[in-house]
Structures are given as C-alpha cells and as structure tokens.
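> To start, I am sharing the structure in question, which I have written as structure tokens.
Values in this text are rule-based calculations from the coordinates and carry no lab data. No experiment lies behind these values; they were computed from the predicted model shown. Reconstructed Cβ throughout: ideal geometry from the backbone, glycine too, with neighbour counts over all protein chains shown.
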Amino acid sequence: MCLAIPGRIKSIEPFKEGYMSMGKVELGGIVKEINLQLVPDAKENDYVLVHVGVAISIVDEEEAKSSLKFLEQMNELDELYNSQADDTITKEELAKQGDAIITRIMS
Amino acid sequence: MKYLTEYRDPVLAAQYLDEIKKTVTRPWTIMEICGGQTHSLVKYGLLQMLPEEITMVHGPGCPVCVTPTHLIDRAIFLALEKKVIMCSFGDMLRVPGSGKSLLQAKAEGADVRILYSPLEAVKLAQQNPDKEVVFFAVGFETTAPANALSVIQAHQLGLKNYSIIASHVLVPPAMEALLSDPETVVQAFLAAGHVCTIMGNSEYYPIVEKYKVPIVVTGFEPIDLLHGILMVVRQLEKGEFKMENQYARVVREKGNVPAQEAIMEIFEISNRMWRGLDVIPQSGLEVKEKYAAFDATKKFNVPLKETKENETCIAGAIMKGLKKPLDCVNFGTLCKPSNPLGAPMVSSEGSCATYYHFYSAVNEVEKVEV
C-alpha cells in the first residue's frame, strides 16, 4: 500500500496559474504523468520517489551512496579499534550465502 | 544509480547478515511496522537468514487490512444503492465487509473501478459530469497527501460530483498503543520509511524517550531492511535507545512540508477504529467540516451500522506481535486470501497473506490440502 518507487524526471510542464505542477517521470522504463506539486524544488533529471501518481520526495544521491557504504565505513572504524584479522567467516561461506540469496531472489 | 537494484545486491546482503550475526549476542524481538517491509522480509527469504536470536514480529502496517468492515459496507452501499462510480486501489476490492466485497458488488452490476491514483478519480469526475464519483481513500500518512490533493484539485475545478470515503490511519499512535499494552513483546521498531518521508521523524523522539525503545526509520529493499536491523541490533546490544534514520536518501528530518500542509488543509485528526485491534485515540484522519461537500459519508445519507469480526480470528494478537500467522489453526485452511476471516489475510501486505504466498512452511499446508 505504501509502495513508492524512484523514477527520473524527464520533463516538467510549464507553470500554469490554478493548475497543479505536473511532469513526465520515467519509472522502470515506463514514462508516466506524475504530480510534482509536493516537490517544488525538483528539477529535470532528478530522481523522485513516486507514490500513487504523486512525487513525495527527491532522492538524495549523496545519502544513497553513503548508505550503501555503511558497512565499509563501519569496518574501517572497527579496524582502527582492532587490527587483528577476523576469521569468523571465510570467503567461501560468504559466497555460499550470496548464492543462496540469489536463488531466492530469482525464484 | 537507479536507486533500486543497488539495494538488492546479494553479496552486500550476505555481508550485512554476517555483520548482524557478529553483533548479536542475545535474543531480541523487533517489529517492522509497515506491511511493505513484511512483504520484502518474507519475499526475499530474509527471515530465515537472520540469526535465530532475532525474532521479527509484523506490525499493523497495512491500511487495507485495518480498514474497518463498516467502511467497506458503506462503499458497497454507495456503489449498489446510490449508483456512484466507486473507485479505489486494487487491493481494497477483494476485502470482505460484513457481507460481501466490492468485487462481488461489481459482479452484481455496481460500477466499481480500480485506479492507480486518486487524481485519476478526479479526472473521471470531470469526464462524467452526470455521475457521482467516489474515491475510497485508504491509507497511512504516505497516501494522505495524494488523497488530499485530489480534494484540493476537485475544489479548484469546482467539481460537485467528486467525494471520498476517508479511511486514513496514523502510525505513531498505533505504535504507542502497542507499546503501552502490558503484554507487549516488542523491544525495538523499524519505522515505516515512506510514512516518515511525509511526516518526518519528530513524532518518534517522544516515543523513544517514553518507552525506551530504539526506533530506526527503514526503507523497503533487502539491503535497507538488513541495514535497519543491524542499526537496531547495535543499539539493543549496547543498551541504547535512539531514533536513527537508515533511509536518509528519501526521508528528511522534517519530512515533506508541502505534503503535510496538503493533509492539514483537508483532514483533521480523529479517533479511529482499526480492524483487528480496537479504537485507537487520535489515530485517524477525517475530512474537515469546511470540505464536508467532498466527504461521501456526509454527502450521501449512508447508514452507520457497527459490525462484528470473526471470533476465531487471532488478528489482534498477530498485529501486536504476540502471535505469528502460523500459530493460527485456521491459517491456510479456513482462512485464505480468497476467503479471509480477518484483517491480515486480506491484502497482499497483510502478514498472514504474505506468509501464505511466500513462506515455505505454507507450502506444506498446501500440500496436505491437495
């Protein structure tokens, strides 16, 4: 129900008095007319989060990248505290877990 | 960046799982609020991959599921008796009221339509000036701005044939209701990322302080969920309770202010009945008196009748995290998505329906049945 997906703004319609701000947004290859009234700062090529035909947030690229690097940053911190190698999990085990997840996602 | 596939990376997921395993030392019970999160956790098999110390319990975060039966009855009444064009999101149609569902009403000749957006319903009202168009406006804070915009737009266009049935529920009061229950087992929350996209994080600080529970605002992709769980577990293990934001690429501290303004223009906060739970004070949104012309229940003379829930259904205990769908004797036998006895089985985001579709143990139930 609260499903919302990110899409890239292809174009924004010129402002018309008394009308809501609209634009064309590419969502996974499909271009849809989306209401941009709630993201007044959005520009062309920005990624916006779209929910039931309305853009509700601009996706922040820097934050998006930093959340993917969370583990890396955390591990760097850990290494500062603990220079000893951690052997609780081997690379093979990690690969095996990865494979298991791939199988689930594909199925 | 596509902001989607990157968060489904299996190798990164395995690294997060490994990190969670290294961090956890004791059993913890964590509730994810949103049904979309439950759906992802089960669909991607994350529940089975988490270390056994971590129990995820599934919150009441499916607005379709918690819509009380009497509102569905009203929608059916309007569609069948008042001959309106009744529109709603797809998952609302199969949900049974006290008698039938909107889909069954459609089969009996009612004009019931599935729409992607409430703004399409406004367009439909423009195109059909001789018909009444009603949108069954279901949702959490995430959907409230879109429903509010539809009323604002209809008002701007001077439409007299558009109205909504407001079935809006609010998340933070429900979290408080769960935490203040003496039976509660929840030790931490993954807050619903898209609700916070609209409302921001401010409502959660008092809950963190009052109930001393960690709350992490979390997204919906597998990496988001594992990241959120790791953040929660790190707090729990250290004995901390803080409000943190895993989903910062989308959720700003203050939320979306124009969206909040749209909500407050059209709606006011009221007490609200949650199907499967009870009346939760100040947990819903009603159309303001100023916009009463757009409130379908006021516009048409709709009979107000209270209805009863199925007595064997354990929906309340499931939505409080006290029981799991598989604990229910009716699960997969008497109660299925095609014939739901209670709230969590009705929509694809209800926890029972999610388990029914994806959980491996469910397949065994199915096999026995065949």
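> Which of B:Ala154, B:Thr312, B:Asn245 sits farthest toward the positive end of the charge dipole of chain B, with +1 on the Cβ of Lys and Arg and -1 on the Cβ of Asp and Glu?
B:Ala154
> Same structure, new question: Sorted from fewest to most neighbouring beta carbons within 10 Å, what does the list B:Cys313, B:Cys65 look like? Walk me through the numbers on the way to the answer.
Details: B:Cys313 21, B:Cys65 29.
Listed from fewest to most nearby Cβ atoms, that is B:Cys313, B:Cys65.
> Still on this structure, please answer the following. Placing +1 at every Lys and Arg Cβ and -1 at every Asp and Glu Cβ, with all other atoms neutral, what dipole size does the protein assembly as shown have around its Cα centre, in debye to the nearest 20? Please report the intermediate quantities before stating the final value.
Values: 48 positive and 62 negative charges, 318 e Å.
In total the dipole reaches around 1520 debye.
> Taking 1 over the mean of 1/r across every pair of different Cα atoms in segment B:82-173, what Kirkwood radius in Å do you get? Don't jump to the answer; show the numbers that get you there.
Details: mean 1/r = 0.0735 Å⁻¹.
Taking every pair of different Cα atoms in segment B:82-173, averaging 1/r and inverting gives 13.6 Å.
> Averaging sequence separations of C-alpha pairs under 8 Å and six or more residues apart, then dividing by the length of chain B, give the relative contact order as a whole percent. Don't skip to the end; give the middle numbers.
Values: 698 pairs, mean separation 80.2, N = 370.
Reported as a whole number, the value is 22 percent.
> Using the 10 angstrom Cβ neighbour count as an exposure proxy, how do B:Tyr211, B:Tyr162 rank, fewest first? Walk me through the numbers on the way to the answer.
Numbers: B:Tyr211 18, B:Tyr162 29.
Going from sparsest to densest Cβ surroundings: B:Tyr211, B:Tyr162.
> Let me ask something else about it. Let a ≥ b ≥ c be the square roots of the eigenvalues of the Cα gyration tensor of segment B:227-339; is it rounded (a/c under 1.5), or, if not, prolate (a/b larger than b/c) or oblate?
oblate
> Please identify the helices of chain B, taking whole runs of DSSP H, that span at least 18 Å along their own axis as judged from the Cα atoms and have a mean Kyte-Doolittle score of -1.0 or higher.
Numbers: long enough: B:10-23 (20 Å, -0.14); B:144-157 (20 Å, 0.53); B:222-238 (24 Å, 0.61).
Qualifying helices, which must be both long enough and hydrophobic enough, are B:10-23, B:144-157, B:222-238.
> In segment B:210-367, what percentage of the DSSP-assigned beta bridges are antiparallel, given to the nearest 5?
On the way: 7 of 11 bridges.
The antiparallel fraction comes to roughly 65 percent.
> Compute log10 of I(q)/I(0) for the protein assembly as shown with the Debye formula, placing one identical point scatterer on every Cα and leaving out solvent, at q = 0.05, 0.09 Å⁻¹, to two decimals.
Normalising to I(0) and taking log10 leaves -0.18, -0.61.
> Under the definition of Cα pairs under 8 Å and six or more residues apart, what whole-number percent is the relative contact order of segment B:289-345? Walk me through the numbers before you get to the answer.
Values: 26 pairs, mean separation 15.7, N = 57.
Averaging sequence separation for qualifying contacts and normalising by length gives 28 percent for segment B:289-345.
> Only Lys, Arg, Asp and Glu count, each charged at its Cβ (+1, +1, -1, -1), so figure out the dipole size of segment A:28-81 about its Cα centre, rounded to 20 debye.
Values: 4 positive and 12 negative charges, 75 e Å.
It works out to roughly 360 debye.
> To make sure I understand, if each residue's beta carbon is the centre and we count other beta carbons within 10 Å, what order do B:Asp73, B:Asp278, B:Asp181 fall in, fewest to most?
Details: B:Asp73 21, B:Asp278 9, B:Asp181 14.
Lowest count first: B:Asp278, B:Asp181, B:Asp73.
> What Cys residues in chain B have no fellow cysteine's beta-carbon under 4.7 angstrom?
B:Cys34, B:Cys87, B:Cys196, B:Cys313, B:Cys328, B:Cys335, B:Cys352, each lacking another Cys Cβ under 4.7 Å.
> To continue, here is another question. Viscosity 0.692 mPa s, temperature 37 °C: Stokes-Einstein D of segment B:102-236 from its Kirkwood Cα radius, in µm² per second? Kindly include the intermediate steps, with their values, before the conclusion.
Numbers: Rh = 17.7 Å.
Diffusion coefficient, whole number: 186 µm²/s.
> Of all DSSP beta bridges in chain B, what percent run antiparallel (nearest 5)? Spell out each step's value before the answer.
Values: 9 of 40 bridges.
Beta bridges within chain B, antiparallel portion: roughly 20 percent.
> Averaged across the residues of B:11-20, what count of C-beta atoms belonging to other chains lies within 10 Å of each residue's C-beta?
Details: counts 7, 6, 7, 11, 7, 2, 6, 7, 6, 0.
Taking the mean over all residues of the peptide, I get 6.
> If you don't mind, there's one more thing I want to ask. Which of rounded, prolate, oblate describes segment B:200-277, given a ≥ b ≥ c as roots of the alpha-carbon gyration tensor eigenvalues and a/c under 1.5 marking rounded, otherwise prolate only if a/b is larger than b/c? Intermediate results must be reported in sequence, preceding the final value.
Working: a/c = 1.91, a/b = 1.51, b/c = 1.26.
Note, shape of segment B:200-277 comes out prolate.
> Over the Cα atoms, compute the radius of gyration (one decimal) and Dmax (the largest Cα-Cα distance, rounded to a whole number) for chain B, in Å.
20.7, 66
> Cross-link candidates for B:Lys288: which lysines have Cα within less than 20 Å, leaving aside residues fewer than 8 places away along the same chain?
List returned: B:Lys160, B:Lys298, B:Lys299.
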